[in-house]
1. Tell me, Kirkwood radius of the stretch 247-348 from alpha-carbon pair distances, in Å?
2. With N set to the residue count of the stretch 25-149, report its C-alpha Rg divided by 2.2 N^0.38 Å to two decimal places.
3. Quick one: Cα centre-to-centre distance for the stretch 181-247 and the stretch 90-168, in angstrom?
4. Using a 1.4 Å probe over the heavy atoms of the protein chains, calculate the carbon and sulfur portion of the accessible area of the chain as a whole percent.
5. Working with all protein chains in place, sort PHE234, PHE94, PHE29 by solvent-accessible area computed with a 1.4 Å probe, largest first.
6. With N set to the number of residues, divide the alpha-carbon radius of gyration of the stretch 185-246 by 2.2 N^0.38 Å and report two decimals.
7. Using the Cβ atoms and a cut-off under 13 Å, what net charge is assigned to the surroundings of ALA48, where Lys and Arg are +1 and Asp and Glu are -1?
8. Along the charge dipole of the chain, which of THR290, VAL217, ALA306 sits closest to the positive end, that is, farthest toward it, with unit charges on the beta carbon of Lys, Arg, Asp and Glu (+1, +1, -1, -1)?
Amino acid sequence: MAKTKNDKAAYVKLKKDIDAGTPEPLYFFYGEEDYLKRHYLDRLRAMAGEGFGDFNLIEFDARSISASALLDAVESYPAMSERKVVVVSDVDIFKASAELKEAAEQIFSGLPDYICLIFVYEGLPFKPDKRTKLYQLADKNGQMVEFARADGRELATWIKRRFKALGKEIDIKDCDYLIFLCGSLMSGLASEVDKIAAYCKGPVVHRGEIDAVASRVLETEIFELTDELSKGRFEAAMTKLSDLIAMNNEPIVILAVITRHFERLYSAKLALDARKGPSYLTGLWGMRSTYPAELMLRAAGNAGLAWLREAVKLCSDADFALKTSQDSGKRVLELLLLRIAAARGAKR
């Protein structure tokens, strides 16, 4: 069996094998991008054939799986089909009962040609102990396929295709803007594209139509909050904070994102002073697109280096206060914005 390590090559090989109708007998699906994970899982499910689906497609979850049931599902032959598909959803086989792990070891050691056994991790993290015999058998005889977030250009191209399928055109820059507003997961973007296409009356989607109906992720809301602070608009920043709290965002999460944004603004300011561009920041931050880096560089142009340094320190102080003081999370965050605003006047 051809071996593919845990990288993008495994994902590429999966697509080729499904297209050729020759899937591997054992897969582990994991990663953030549930949209693609479900897409390829459905394509593998279809290989069970029609007419005998109840027999050739067997699915387990944490409530229904047992060692004997899994062994029986794998060892029994398919009916009127070349393939039998067994899907195990959100069962961490590497941390299962001793009986189930023993059954898995037996299965992984001698997978029949007709079987396609897929372990799918969606609600559970995929963090196996690579020192164990079970993992080594799985790695040797199966394919570990990570469904990672697509990079910015790939994702923008996918958005254009999806809009086109709905009879709409969109500029690639507006695709980048949509990703910035709504996040980079296809599972979330798919519904946003459908919603925007339904709202848009003309053949071309414009930014105003995106703004009208798109649901913004927390990262975008915090960017706008910090941008208001960097421009000296304290009241607008406080209004944004009140809105975020009213939307039941946890104060500790809001603070973490505010801190990350000021850290990035600080590094963007240093990059500006060193005459470095968006590509440098994209690599520094591990981003998939230069678009957020371009926005950060513009925002950093409105801010002083000393103020940004102080803002990062104030965020650290707020984190300590949030974990130790008797003040409410809302009060800690309000004081943080007040102190950052005051520091802006003193340190440019």
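1. Numbers: mean 1/r = 0.0696 Å⁻¹.
Here the Kirkwood hydrodynamic radius works out to 14.4 Å.
2. Numbers: Rg = 13.7 Å, N = 125, 2.2 N^0.38 = 13.8 Å.
Normalised Rg, Cα atoms only: 0.99.
3. The stretch 181-247 and the stretch 90-168 have Cα centres spaced 33 Å from each other.
4. Numbers: 8950 of 17360 Å².
C and S atoms contribute 52 percent here.
5. Result, largest first: PHE234, PHE94, PHE29.
6. Values: Rg = 14.5 Å, N = 62, 2.2 N^0.38 = 10.6 Å.
Compactness ratio reported: 1.37.
7. Details: positive: ARG43, ARG45, ARG83, LYS84; negative: ASP42, GLU50, ASP54, GLU59, GLU82.
Once positives and negatives cancel, what remains is -1.
8. Checking the options against the dipole of the chain, the answer is ALA306.
The values are calculated or read from the model by the stated rules, or taken from the named source; none is laboratory data. As the structure is a computational prediction, the values presented were derived from the model and not from experiment. A quick note on method: Cβ atoms are made from the backbone with ideal geometry, for glycine too, and the neighbour counts reach across all protein chains shown. Keep in mind that these areas ignore ligands, DNA and RNA; they rest on the heavy atoms of the full protein, side chains included. Shrake-Rupley method; radii C 1.70, N 1.55, O 1.52, S 1.80 Å.
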